[in-house]
Amino acid sequence: MPKLTIQDVARLAGVSTATVSRAIHQPHLLRQKTLERVLQVMSEHDYVYNATAGDLSRRKSSVLGVFIPTTESAKLSSTVIAAQDVINSQGYPLIINNTLFDVHRERLQLRYCRERSLSGLLFLGYMAQNEEIIMNIARNDMPCVFLWDTMPGTSLHYVGFDNFEASYKMTEHLIQLGHKRIAFVGAMYSLVQRVQKRLDGYLAALQEHDIPCREEYVLEYQPTLNKGCEAMRRFLALQEPPTAVFCASDMLAIGALTACREAGVMVPEQISVAGFDDIEFAEHVFPALTTIRVPSDMMGSIAGKALLDLVRNGGHQLYQHTLETTLVRRASCAPPLK
(Lines give C-alpha, C1' and ligand atoms only; values in the text may rest on other atoms or scores of the structure.)
Protein backbone atom coordinates (compact mmCIF):
# COMPACT_ATOMS: atom_id res chain seq x y z
CA MET A 1 0.00 0.00 0.00
CA PRO A 2 1.49 3.37 -1.00
CA LYS A 3 2.33 5.81 1.75
CA LEU A 4 -0.11 8.64 2.38
CA THR A 5 0.89 12.11 1.23
CA ILE A 6 0.00 15.38 2.89
CA GLN A 7 -2.54 15.87 0.10
CA ASP A 8 -4.19 12.55 1.03
CA VAL A 9 -4.43 13.59 4.67
CA ALA A 10 -6.01 16.90 3.67
CA ARG A 11 -8.60 15.14 1.48
CA LEU A 12 -9.54 12.60 4.14
CA ALA A 13 -9.80 15.28 6.85
CA GLY A 14 -11.72 17.66 4.59
CA VAL A 15 -9.23 20.49 4.99
CA SER A 16 -6.57 22.20 2.92
CA THR A 17 -2.94 21.06 2.73
CA ALA A 18 -2.04 24.34 4.45
CA THR A 19 -4.19 23.31 7.41
CA VAL A 20 -2.46 19.93 7.63
CA SER A 21 0.90 21.69 7.50
CA ARG A 22 -0.25 24.01 10.27
CA ALA A 23 -1.37 21.03 12.36
CA ILE A 24 2.20 19.69 12.11
CA HIS A 25 4.18 22.89 12.53
CA GLN A 26 1.89 25.38 14.31
CA PRO A 27 -0.90 23.44 16.03
CA HIS A 28 -1.62 26.34 18.38
CA LEU A 29 -2.99 28.33 15.41
CA LEU A 30 -5.78 25.84 14.68
CA ARG A 31 -9.16 25.44 16.34
CA GLN A 32 -9.16 22.40 18.62
CA LYS A 33 -11.80 20.48 16.63
CA THR A 34 -9.93 21.01 13.34
CA LEU A 35 -6.63 19.95 14.91
CA GLU A 36 -8.20 16.82 16.41
CA ARG A 37 -9.74 15.85 13.06
CA VAL A 38 -6.42 16.16 11.23
CA LEU A 39 -4.51 14.29 13.96
CA GLN A 40 -7.12 11.51 13.96
CA VAL A 41 -6.71 10.98 10.20
CA MET A 42 -2.93 10.95 10.57
CA SER A 43 -3.18 8.39 13.38
CA GLU A 44 -5.72 6.13 11.67
CA HIS A 45 -3.65 5.95 8.48
CA ASP A 46 -0.24 5.91 10.21
CA TYR A 47 0.86 9.05 8.39
CA VAL A 48 4.44 10.07 9.24
CA TYR A 49 5.57 13.53 8.27
CA ASN A 50 9.01 13.65 6.61
CA ALA A 51 10.56 16.30 8.84
CA THR A 52 13.98 16.00 7.20
CA ALA A 53 12.55 16.82 3.77
CA GLY A 54 10.54 19.65 5.26
CA ASP A 55 13.59 21.14 6.93
CA LEU A 56 15.53 20.94 3.65
CA SER A 57 12.77 22.67 1.69
CA ARG A 58 12.58 25.45 4.29
CA ARG A 59 16.39 25.53 4.65
CA LYS A 60 15.85 25.62 8.40
CA SER A 61 15.87 22.91 11.06
CA SER A 62 12.79 22.43 13.22
CA VAL A 63 14.82 20.63 15.90
CA LEU A 64 15.72 22.20 19.26
CA GLY A 65 18.25 20.96 21.80
CA VAL A 66 18.83 21.04 25.54
CA PHE A 67 22.07 20.53 27.46
CA ILE A 68 21.88 19.02 30.95
CA PRO A 69 24.95 18.19 33.09
CA THR A 70 23.32 15.10 34.62
CA THR A 71 19.99 13.34 34.28
CA GLU A 72 20.44 11.87 37.77
CA SER A 73 19.19 15.15 39.25
CA ALA A 74 15.41 14.96 39.75
CA LYS A 75 15.05 18.74 39.66
CA LEU A 76 17.12 19.23 36.50
CA SER A 77 15.14 16.46 34.84
CA SER A 78 11.83 18.06 35.85
CA THR A 79 13.01 21.31 34.24
CA VAL A 80 13.74 19.46 31.00
CA ILE A 81 10.35 17.71 31.07
CA ALA A 82 8.53 21.03 31.60
CA ALA A 83 10.40 22.61 28.69
CA GLN A 84 9.84 19.53 26.53
CA ASP A 85 6.08 19.61 27.18
CA VAL A 86 5.89 23.21 25.95
CA ILE A 87 8.15 22.65 22.93
CA ASN A 88 6.59 19.35 21.81
CA SER A 89 3.08 20.83 22.09
CA GLN A 90 4.05 23.30 19.38
CA GLY A 91 5.32 20.63 16.98
CA TYR A 92 9.05 20.89 17.70
CA PRO A 93 11.22 17.91 18.72
CA LEU A 94 13.76 18.37 21.51
CA ILE A 95 17.11 16.56 21.54
CA ILE A 96 18.50 15.97 25.05
CA ASN A 97 22.29 16.17 25.47
CA ASN A 98 23.47 14.71 28.80
CA THR A 99 27.06 15.93 29.31
CA LEU A 100 27.81 14.02 32.57
CA PHE A 101 29.93 16.96 33.75
CA ASP A 102 32.43 16.04 31.03
CA VAL A 103 34.09 18.94 29.18
CA HIS A 104 35.00 16.90 26.09
CA ARG A 105 31.63 15.16 25.90
CA GLU A 106 29.88 18.53 26.04
CA ARG A 107 32.18 19.96 23.36
CA LEU A 108 31.42 17.01 21.06
CA GLN A 109 27.66 17.41 21.56
CA LEU A 110 27.94 21.12 20.82
CA ARG A 111 29.67 20.29 17.55
CA TYR A 112 26.89 17.85 16.60
CA CYS A 113 24.25 20.51 17.24
CA ARG A 114 26.08 23.06 15.10
CA GLU A 115 26.71 20.59 12.28
CA ARG A 116 23.02 19.77 12.16
CA SER A 117 22.03 23.46 12.30
CA LEU A 118 19.60 23.14 15.19
CA SER A 119 17.19 26.05 15.54
CA GLY A 120 17.86 26.80 19.21
CA LEU A 121 19.34 25.50 22.47
CA LEU A 122 18.55 25.44 26.18
CA PHE A 123 21.40 25.17 28.69
CA LEU A 124 20.84 23.90 32.25
CA GLY A 125 24.44 24.76 33.03
CA TYR A 126 27.64 24.21 31.07
CA MET A 127 31.29 23.49 31.69
CA ALA A 128 33.35 26.61 32.39
CA GLN A 129 36.04 25.44 29.95
CA ASN A 130 33.49 25.57 27.10
CA GLU A 131 32.14 29.02 27.91
CA GLU A 132 33.82 30.74 24.93
CA ILE A 133 32.35 28.22 22.47
CA ILE A 134 28.88 28.50 23.98
CA MET A 135 28.90 32.29 24.06
CA ASN A 136 29.90 32.29 20.40
CA ILE A 137 26.96 30.00 19.58
CA ALA A 138 24.55 32.18 21.56
CA ARG A 139 25.68 35.40 19.90
CA ASN A 140 26.27 34.21 16.34
CA ASP A 141 24.75 30.81 15.54
CA MET A 142 21.33 30.23 17.09
CA PRO A 143 19.02 31.44 19.88
CA CYS A 144 20.03 30.13 23.31
CA VAL A 145 18.29 30.35 26.69
CA PHE A 146 20.23 29.66 29.88
CA LEU A 147 18.50 28.16 32.92
CA TRP A 148 19.16 27.70 36.64
CA ASP A 149 21.24 30.88 36.84
CA THR A 150 21.02 34.61 36.19
CA MET A 151 23.26 36.66 33.92
CA PRO A 152 22.47 40.31 34.69
CA GLY A 153 24.30 42.95 32.70
CA THR A 154 24.49 40.74 29.60
CA SER A 155 22.47 40.49 26.40
CA LEU A 156 21.91 36.76 27.01
CA HIS A 157 18.52 35.15 27.53
CA TYR A 158 18.07 33.43 30.89
CA VAL A 159 15.44 32.00 33.21
CA GLY A 160 16.92 31.26 36.60
CA PHE A 161 17.48 32.32 40.19
CA ASP A 162 20.23 33.91 42.25
CA ASN A 163 22.40 30.97 43.36
CA PHE A 164 24.63 33.24 45.47
CA GLU A 165 21.68 34.70 47.37
CA ALA A 166 20.04 31.29 47.91
CA SER A 167 23.24 29.80 49.33
CA TYR A 168 23.87 32.87 51.48
CA LYS A 169 20.32 32.54 52.84
CA MET A 170 20.84 28.92 53.90
CA THR A 171 24.26 29.56 55.45
CA GLU A 172 22.90 32.55 57.39
CA HIS A 173 20.04 30.37 58.66
CA LEU A 174 22.58 27.91 60.09
CA ILE A 175 24.56 30.77 61.63
CA GLN A 176 21.39 32.18 63.22
CA LEU A 177 20.76 28.77 64.78
CA GLY A 178 24.12 29.24 66.51
CA HIS A 179 26.47 27.22 64.29
CA LYS A 180 30.03 28.41 63.71
CA ARG A 181 31.61 25.20 62.40
CA ILE A 182 29.70 24.96 59.12
CA ALA A 183 30.93 22.73 56.28
CA PHE A 184 29.99 22.92 52.59
CA VAL A 185 29.75 20.17 49.96
CA GLY A 186 29.50 21.50 46.41
CA ALA A 187 28.40 19.61 43.31
CA MET A 188 31.29 20.15 40.87
CA TYR A 189 31.70 23.87 41.58
CA SER A 190 35.05 23.98 39.78
CA LEU A 191 33.25 23.03 36.54
CA VAL A 192 29.80 24.62 36.79
CA GLN A 193 29.56 28.35 37.40
CA ARG A 194 26.22 28.36 39.20
CA VAL A 195 27.55 25.93 41.84
CA GLN A 196 30.60 28.16 42.25
CA LYS A 197 28.14 30.95 43.08
CA ARG A 198 26.66 28.72 45.81
CA LEU A 199 30.14 28.28 47.27
CA ASP A 200 30.65 32.04 47.05
CA GLY A 201 27.35 32.65 48.89
CA TYR A 202 28.40 30.29 51.66
CA LEU A 203 31.80 32.00 51.98
CA ALA A 204 30.24 35.48 51.95
CA ALA A 205 27.85 34.60 54.79
CA LEU A 206 30.71 33.27 56.89
CA GLN A 207 32.74 36.40 56.23
CA GLU A 208 29.77 38.67 57.03
CA HIS A 209 29.53 37.06 60.47
CA ASP A 210 33.32 36.94 61.07
CA ILE A 211 33.45 33.17 60.93
CA PRO A 212 36.70 31.87 59.43
CA CYS A 213 36.47 29.42 56.52
CA ARG A 214 38.35 26.22 57.17
CA GLU A 215 39.80 24.47 54.13
CA GLU A 216 38.91 21.00 55.43
CA TYR A 217 35.25 22.08 55.66
CA VAL A 218 34.85 22.55 51.87
CA LEU A 219 34.54 19.52 49.60
CA GLU A 220 33.61 19.00 45.93
CA TYR A 221 31.76 15.89 44.74
CA GLN A 222 29.41 14.63 42.05
CA PRO A 223 25.81 15.19 43.27
CA THR A 224 24.98 11.57 44.16
CA LEU A 225 23.89 9.70 47.29
CA ASN A 226 27.15 7.75 47.49
CA LYS A 227 29.26 10.88 47.23
CA GLY A 228 27.17 12.53 49.94
CA CYS A 229 27.94 9.56 52.20
CA GLU A 230 31.63 9.82 51.39
CA ALA A 231 31.74 13.55 52.11
CA MET A 232 30.04 13.18 55.49
CA ARG A 233 32.34 10.33 56.50
CA ARG A 234 35.31 12.64 55.82
CA PHE A 235 33.77 15.41 57.93
CA LEU A 236 32.98 13.05 60.83
CA ALA A 237 36.56 11.74 60.77
CA LEU A 238 38.02 15.21 61.39
CA GLN A 239 39.57 15.98 64.77
CA GLU A 240 37.02 18.80 65.06
CA PRO A 241 33.99 17.86 62.93
CA PRO A 242 31.54 20.54 61.81
CA THR A 243 28.31 21.03 63.73
CA ALA A 244 26.41 21.71 60.49
CA VAL A 245 26.86 20.58 56.87
CA PHE A 246 25.33 22.49 53.97
CA CYS A 247 25.12 20.36 50.83
CA ALA A 248 24.58 22.19 47.52
CA SER A 249 22.35 19.31 46.36
CA ASP A 250 19.63 17.32 48.14
CA MET A 251 21.13 14.09 46.79
CA LEU A 252 24.38 14.88 48.58
CA ALA A 253 22.46 15.83 51.72
CA ILE A 254 20.41 12.61 51.79
CA GLY A 255 23.63 10.64 51.34
CA ALA A 256 25.09 12.61 54.25
CA LEU A 257 22.12 11.63 56.43
CA THR A 258 22.80 7.98 55.62
CA ALA A 259 26.45 8.32 56.70
CA CYS A 260 25.35 9.90 59.99
CA ARG A 261 22.91 7.06 60.65
CA GLU A 262 25.63 4.47 59.91
CA ALA A 263 28.03 6.23 62.30
CA GLY A 264 25.45 6.54 65.08
CA VAL A 265 25.54 10.35 64.85
CA MET A 266 22.13 11.85 65.59
CA VAL A 267 20.67 14.50 63.25
CA PRO A 268 20.02 17.25 64.22
CA GLU A 269 21.01 16.67 67.87
CA GLN A 270 24.72 16.17 67.12
CA ILE A 271 25.00 17.62 63.62
CA SER A 272 22.66 19.59 61.34
CA VAL A 273 22.33 18.78 57.64
CA ALA A 274 20.88 21.08 54.96
CA GLY A 275 20.34 20.59 51.24
CA PHE A 276 19.52 22.46 48.07
CA ASP A 277 16.73 21.80 45.47
CA ASP A 278 13.82 20.42 47.56
CA ILE A 279 13.40 17.19 45.63
CA GLU A 280 10.34 15.04 46.42
CA PHE A 281 12.26 12.78 48.83
CA ALA A 282 13.49 15.72 50.92
CA GLU A 283 10.39 15.86 53.11
CA HIS A 284 10.11 12.05 53.39
CA VAL A 285 13.61 11.18 54.68
CA PHE A 286 14.27 11.06 58.41
CA PRO A 287 14.72 13.60 59.67
CA ALA A 288 12.94 15.67 57.02
CA LEU A 289 15.50 17.77 55.18
CA THR A 290 15.90 21.53 55.53
CA THR A 291 16.63 22.80 52.04
CA ILE A 292 16.31 25.50 49.38
CA ARG A 293 13.27 25.07 47.13
CA VAL A 294 13.90 26.00 43.50
CA PRO A 295 11.12 26.58 40.91
CA SER A 296 12.37 23.90 38.52
CA ASP A 297 9.15 23.29 36.57
CA MET A 298 8.45 26.99 36.17
CA MET A 299 11.95 27.58 34.79
CA GLY A 300 11.42 24.90 32.16
CA SER A 301 8.02 26.19 31.04
CA ILE A 302 9.13 29.82 30.78
CA ALA A 303 12.36 28.93 29.00
CA GLY A 304 10.57 26.64 26.55
CA LYS A 305 8.13 29.41 25.60
CA ALA A 306 10.98 31.92 25.33
CA LEU A 307 13.04 29.71 23.02
CA LEU A 308 10.05 29.02 20.76
CA ASP A 309 9.41 32.76 20.43
CA LEU A 310 13.07 33.45 19.67
CA VAL A 311 13.13 30.73 16.99
CA ARG A 312 9.90 31.84 15.37
CA ASN A 313 10.26 35.60 15.60
CA GLY A 314 13.97 36.22 15.22
CA GLY A 315 14.96 37.13 18.77
CA HIS A 316 13.79 40.73 18.97
CA GLN A 317 12.87 40.46 22.66
CA LEU A 318 15.36 39.96 25.49
CA TYR A 319 14.19 37.29 27.93
CA GLN A 320 15.67 37.70 31.40
CA HIS A 321 13.64 36.16 34.24
CA THR A 322 14.87 35.94 37.83
CA LEU A 323 12.67 33.65 39.93
CA GLU A 324 12.53 33.35 43.71
CA THR A 325 13.83 30.50 45.88
CA THR A 326 12.43 29.53 49.28
CA LEU A 327 14.18 28.42 52.45
CA VAL A 328 12.24 25.36 53.63
CA ARG A 329 12.80 24.71 57.36
CA ARG A 330 12.40 21.10 58.38
CA ALA A 331 13.68 18.80 61.13
CA SER A 332 17.27 18.19 59.98
CA CYS A 333 18.62 21.49 61.38
CA ALA A 334 18.67 22.70 64.98
CA PRO A 335 20.93 24.73 67.30
CA PRO A 336 24.27 23.02 68.11
CA LEU A 337 24.92 21.27 71.40
CA LYS A 338 26.33 23.59 74.03
Which of the residues spanning the stretch 170-188 are surrounded by fewer than 23 Cβ atoms within 10 Å (Cβ to Cβ), under 21 Å from Thr79 (Cβ atoms) and in contact with a Leu (Cβ under 8 Å, 6 or more places away or on another chain)? none
Out of everything in the stretch 205-221 that is under 19 Å from Ser249 (Cα atoms) and in contact with a Ser or Thr (Cβ under 8 Å, 6 or more places away or on another chain), what residue ends up being surrounded by the most Cβ atoms within 10 Å (Cβ to Cβ)? Ala205
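Looking at this structure, is Ser296 at pLDDT 95 or above, among the polar types (S, T, N, Q), over 21 Å from the mean Cα position of the chain (by Cα) and within 22 Å of Tyr202 (Cβ to Cβ)? It would help to see each step written out before you state the result.
On the way: at pLDDT 95 or above: yes; among the polar types (S, T, N, Q): yes; over 21 Å from the mean Cα position of the chain (by Cα): no; within 22 Å of Tyr202 (Cβ to Cβ): yes.
The answer is no for Ser296.
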Checking Glu44 against (1) surrounded by fewer than 16 Cβ atoms within 10 Å (Cβ to Cβ); (2) modelled with pLDDT under 80, which test does it fail? (2)
Confirm whether His316 is touching a residue at least 40 places away in the same chain (Cβ under 8 Å) and within 30 Å of Leu118 (Cβ to Cβ). no
List pairs: first in the stretch 10-24 and within 13 Å of Met42 (Cβ to Cβ) and not assigned by TED's automatic domain parsing to the domain that holds Tyr92, second of a type outside the set (A, V, I, L, M) and surrounded by 15 or more Cβ atoms within 10 Å (Cβ to Cβ), Cβ under 6 Å, 6+ apart or cross-chain? Ala13/Arg37; Ile24/Tyr49; Ile24/Gly91
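Residue by residue, here is whether (1) surrounded by 24 or more Cβ atoms within 10 Å (Cβ to Cβ); (2) assigned by TED's automatic domain parsing to the domain that holds Arg214; (3) in contact with a Gly (Cβ under 6 Å, 6 or more places away or on another chain); (4) not aliphatic (A, V, I, L, M) holds:
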{"residue": "Thr243", "(1), (2), (3), (4)": "no, yes, no, yes"}
{"residue": "Cys247", "(1), (2), (3), (4)": "yes, yes, yes, yes"}
{"residue": "Leu252", "(1), (2), (3), (4)": "yes, yes, yes, no"}
{"residue": "Ala263", "(1), (2), (3), (4)": "no, yes, no, no"}
{"residue": "Glu269", "(1), (2), (3), (4)": "no, yes, no, yes"}
{"residue": "Gly275", "(1), (2), (3), (4)": "yes, yes, no, yes"}
{"residue": "His284", "(1), (2), (3), (4)": "no, yes, no, yes"}
{"residue": "Ala288", "(1), (2), (3), (4)": "no, yes, no, no"}
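Counting only residues that are among the small types (Gly, Ala, Ser) and closer than 20 Å to Ser119 by Cα, give me the helices (runs of 4 or more DSSP H) lying completely in the stretch 3-53 with at least 2 of them. First the steps, then the outcome.
Numbers: elements: 6-13, 17-25, 32-44.
Here the list reads 17-25.
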Could we say that Asp141 is closer than 26 Å to Glu324 by Cβ and in the same structural domain as Glu72 (by TED's automatic domain parsing) here? no
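The values are calculated or read from the model by the stated rules, or taken from the named source; none is laboratory data. As the structure is a prediction and not an experimental result, all values here were calculated from the model. Neighbour counts run over all protein chains shown; Cβ positions are idealised from the backbone, glycine included.
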